[in-house]
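The values are calculated or read from the model by the stated rules, or taken from the named source; none is laboratory data. Values in this document were obtained by computation on a predicted structure and should not be read as measured data. Note that we place each Cβ from the backbone using ideal geometry, even for glycine, and neighbour counts take in every protein chain shown.
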Amino acid sequence: MRQAGAYSGILNGGIGRTGPHSLPLARIKKIMKNSSEDVKMISGVAPIVFSKACELFIEELTRRSWIMAIDAKRRTLNKEDVASAVIATDIFDFLITLVSNSDSTADTTVMQMETMNSS
């Protein structure tokens, strides 16, 4: 009889969640293979772990973006909220060039955050 792996609770979203993954594993595997010519073989578990990591990343960015929307007294998430969340959060610094070109509101948010932090 086959036993559940060490990652089974994490990979299935914890207790109570079973079924297909939220993100397509074939697409994740394709991205992983296309990331470098050196990547030849990928274990079956690796795309599942990446899928969960992507889900957590999206959830965290959405949470922080939602805070920006609420601060702006809105209940609809806009790209400006995502840009503001990226700029206001150090762990998302790798995305700043992606959002800074498309949004001037983000610059205003950074100034507001710096003003709040210096007070």
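Regarding the range 42-60, can at least one residue be identified that is over 19 Å from residue 24 (Cβ atoms) and aliphatic (A, V, I, L, M)? Scanning the range 42-60, I find no residue that is over 19 Å from residue 24 (Cβ atoms) and aliphatic (A, V, I, L, M), so the answer is no. Residues of the range 68-88 that are of a type in the set (Val, Ile, Thr) and loosely packed, with under 15 Cβ neighbours inside 10 Å: 70, 76.
Close Cβ contacts (under 8 Å, 6 or more residues apart or on different chains) running from residues in the range 32-55 that are part of a loop (DSSP other than H, G, I, E, B) to residues that are not basic (Lys, Arg) comprise 39/32; 42/32; 45/5; 45/7; 45/11.
Restricted to helices (runs of 4 or more DSSP H) entirely inside the range 71-119, those with at least 2 residues that are at pLDDT 95 or above and under 18 Å from residue 60 (Cβ atoms) are 79-88. Which of the residues belonging to the range 44-61 are of a type in the set (Val, Ile, Thr) and surrounded by fewer than 14 Cβ atoms within 10 Å (Cβ to Cβ)? Those that are of a type in the set (Val, Ile, Thr) and surrounded by fewer than 14 Cβ atoms within 10 Å (Cβ to Cβ): 45, 58.
If you check 93, 71, 81 for being over 21 Å from residue 22 (Cβ atoms) and either touching a helix residue (DSSP H, G or I) at 6+ places or on another chain (Cβ under 6 Å) or among the aliphatic types (A, V, I, L, M) (or both), only one passes: 81.
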